[in-house]
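The structure under discussion appears below in the form of structure tokens.
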Amino acid sequence: MTTHVTQGSAILPMHSEGRGVITGQQFLDRLRKSPPNLFIDGQQVQDPTTHPATKNMAASLAGLYDMQFDPATRDQVTYEEGGNRYGMAFMVPRTKEDLRRIGESHRVRANYGLGFLGRAPDYMNTNLMAAGMGAEYFAQCQPEGDHKVDFAGNMRRYYEFVRDNDLCLTHALTNPQVNRAKMASEMPDPYIALGIVEENDQGVVLRGARMMATLPIADELLVFPSTVLKENADKSRYAMGFAVPCNAPGLSFQCREPIDVGRSTEDHPLASRFDEQDAFVIFDDVLIPWERVFLLYDVNLANKAYAGTDAVLHMAYQVVNLKIAKTEAFLGTAQSIVNAIGSGGFQHVQSKIAEIIIMLEIMKALEVAAVDGATLNRYGVMTPARGPLDAARNYYPGVYARLPELLQYLGASGIIMMPSKADREGPLGPQIDKFLQAGNATAEERLKLFRLAWDMSMSSFGGRQSLYEKFFFGDPVRMHSALYEVYDSSEYVGRIKAFLNRKDGTQ
Ligand SMILES: Cc1cc2nc3c(=O)[nH]c(=O)nc-3n(C[C@H](O)[C@H](O)[C@H](O)COP(=O)(O)OP(=O)(O)OC[C@H]3O[C@@H](n4cnc5c(N)ncnc54)[C@H](O)[C@@H]3O)c2cc1C
């Protein structure tokens with residue numbers, strides 16, 4: 001690669017000048033001042049706060065930031081420390097009660113998007129909290145060469161930098177899907193996968209791409225080491241961990257086709273608010289300053305960083321709370337449809353609602369079990385139990401597809417026969433009002449409800465959600481294998497052996 005197509009300004013040194021939470025307006029002002037290098041439909045987005053494909057998502061993010069000041073939610077989603085107030089996901093849990101507070105905050109924030117905002121900033125914030133506390137992990141990384149870097153200090157300072165400035169982060173872990181049978185080093189070009197080109201006095205230069213970053217409408221991109229590096233060697237140019245501003249020179253986010261197509265919130269209740277976008281990330285010789293580098297070259301450390309810092313467990317704890325909110329939204333919508341069309345007396349309808357209730361209660365139980373079994377980790381952080389969280393993150397992707405399907409069974413033709421707001425206000429409005437009213441609601445109320453069910457289950461927005469739920473925490477096939485590898489069943493194997501050898505009084 002040769003020329004930089006993006007306009008971003010040079011990366012400034014990190015300053016923790018912030019004092020914690022910011023408002024939605026401050027977030028939008030910052031985004032306008034330092035826009036991420038987004039490309040949509042062949043053009044660079046100059047201002048994500050006004051571009052038609054991103055402005056509503058930016059406004060929704062601003063709404064999340066404003067919750068930190070709203071008297072109704074402030075104490076649920078923020079905490080105080082050293083005279084400053086910070087977002088709750090940055091809080092270091094020391095007790096189970098702390099974990100419960102954090103869990104409640106995750107659910108309150110998730111409810112804002114009915115659980116459909118997969119990568120609200122708290123997801124990455126919990127990652128950073130755990131990595132910042134477990135920063136010593138990165139001190140083990142000691143590459144040869146002229147540049148002696150304080151990786152552990154960098155990790156800790158970056159956590160504080162993000163917390164103090166209340167930054168919004170995106171992340172990108174997987175390499176481009178060119179040939180999954182080959183390692184990154186075996187590709188036709190050594191810099192298809194993101195790789196290290198060189199080190200210099202300022203930092204490290206990176207070239208290549210990453211496949212997917214949800215929520216590129218963000219301040220910074222975190223490339224925490226992923227668990228998917230297949231290189232054979234101990235040292236590899238593809239092993240790395242770092243953070244970079246989304247407007248860095250040479251960095252580009254190629255966004256997918258927008259799902260927010262400019263329809264009203266009444267017609268597209270979710271897509272018009274929560275199109276968090278997914279972007280392909282291109283690094284065209286991006287210089288990452290040393291203070292932003294957390295790990296280099298070490299395949300083993302890169303592959304184990306999530307587990308080694310327990311970041312994966314804190315992220316999974318955010319996820320289980322998010323999915324509880326999402327399942328509650330499905331239950332609320334499904335029951336509202338049943339109420340609207342008077343189908344609640346049919347047994348199979350009751351059974352379908354019961355299916356959602358069972359999924360919800362399983363997720364709630366796993367959340368409680370994760371806190372109940374929490375222990376202090378080696379860094380003094382109260383860490384939720386792995387077993388229930390592994391169960392939740394393997395269970396939910398497997399059952400999620402049933403939720404939109406149940407809405408379709410319950411809503412039937414109602415989920416497709418939904419005249420728009422403009423139709424209701426047009427010449428057929430009076431007939432629409434008459435024929436499409438509900439047993440317990442006006443046509444306007446009924447259509448709003450069914451449009452929500454459609455956006456949850458059938459629209460482009462709903463379709464993307466179905467794909468997202470299958471893969472957002474990794475490939476379900478490999479996640480099952482990982483669970484198989486780590487789960488200790490030896491006690492039960494021993495019990496079976498003892499039973500088979502038991503000598504008792506029976507014949
Ligand atoms: C909507 C959406 C949003 C996402 N957001 C993010 C994000 O914000 N940040 C981020 O980092 N990632 C994100 N991801 C990526 C996610 O982490 C990956 O989709 C997931 O890890 C699977 O990787 P892949 O998509 O490259 O699939 P691939 O690895 O290419 O797999 C494709 C198929 O091949 C099979 N396969 C490939 N390799 C193997 C193997 N070794 N063993 C067995 N089977 C194999 C898989 O099972 C699958 O069926 C997102 C994905 C989606 C769909």
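The values are calculated or read from the model by the stated rules, or taken from the named source; none is laboratory data. What you are looking at is a predicted structure, and each value in this text was computed from that prediction instead of being measured. Because the Cβ atoms are built from the backbone with ideal geometry, glycine has one as well, and the counts that use them run over all protein chains shown.
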Condition first: of a type in the set (S, T, N, Q) and more than 10 Å from the ligand (Cβ to nearest atom). Now tell me which residues in segment 177-224 satisfy that.
S185, N200, Q202
Which one of these is over 26 Å from Y159 (Cβ atoms) and crowded, with 21+ Cβ neighbours inside 10 Å: L194, L222, L206, L270?
L270
Being in a helix (DSSP H, G or I), of a type in the set (A, V, I, L, M, F, W, C) and in contact with a Leu (Cβ under 6 Å, 6 or more places away or on another chain) narrows it down to one of A412, A370, so name that one.
A370
Meets criteria (in a helix (DSSP H, G or I), over 28 Å from the mean Cα position of the chain (by Cα) and outside the structural domain of M129 (by TED's automatic domain parsing)) for S343:
no
Scan (1) surrounded by 16 or more Cβ atoms within 10 Å (Cβ to Cβ); (2) in contact (Cβ under 8 Å) with a residue 60 or more places away in the chain; (3) out of contact with any strand residue (DSSP E or B) (no Cβ under 9 Å at 6 or more places or on another chain) for the single condition R446 breaks and write down its number.
(3)
Does F499 satisfy being at pLDDT 95 or above, closer than 20 Å to F274 by Cα, in a helix (DSSP H, G or I) and among the hydrophobic types (A, V, I, L, M, F, W, C)?
no
Among the residues of segment 442-485, how many are in contact with a helix residue (DSSP H, G or I) (Cβ under 6 Å, 6 or more places away or on another chain), of a type in the set (G, A, S) and farther than 28 Å from P258 by Cβ?
1
With respect to A334, is the statement that it is within 22 Å of S459 (Cα to Cα) and either touching a residue at least 60 places away in the same chain (Cβ under 8 Å) or in contact with a strand residue (DSSP E or B) (Cβ under 9 Å, 6 or more places away or on another chain) (or both) true?
yes
Counting only helices (runs of 4 or more DSSP H) wholly inside segment 83-175, the ones holding at least 2 residues that are out of contact with any strand residue (DSSP E or B) (no Cβ under 6 Å at 6 or more places or on another chain), charged (D, E, K, R) and under 18 Å from I22 (Cα atoms) are 151-165
In segment 159-175, residue nearest to M211 (Cα to Cα) [restricted to those that are in contact (Cβ under 8 Å) with a residue 60 or more places away in the chain and within 9 Å of the ligand (Cβ to nearest atom)]:
N175
Scope segment 26-38; condition more than 16 Å from D260 (Cβ to Cβ) and not in a helix (DSSP H, G or I); matching residues
S34, P35, P36, N37
Cβ-Cβ under 6 Å pairs, at least 6 apart or on other chains, segment 385-403 side assigned by TED's automatic domain parsing to the domain that holds Y317 and under 17 Å from A329 (Cβ atoms), far side among the charged types (D, E, K, R) and part of a helix (DSSP H, G or I):
Y396/K323; Y400/E469
Taking the criterion of being within 11 Å of the ligand (Cβ to nearest atom), charged (D, E, K, R), under 25 Å from M418 (Cα atoms) and surrounded by 13 or more Cβ atoms within 10 Å (Cβ to Cβ), would at least one residue in segment 467-489 satisfy it?
no
List every residue pair whose Cβ atoms lie under 6 Å apart, where the two residues are 6 or more positions apart in sequence or sit on different chains, the first residue falls within segment 471-484 and is over 22 Å from M212 (Cα atoms), and the second residue, located anywhere, is more than 6 Å from the ligand (Cβ to nearest atom) and of a type outside the set (S, T, Y).
L483/D390; L483/N394
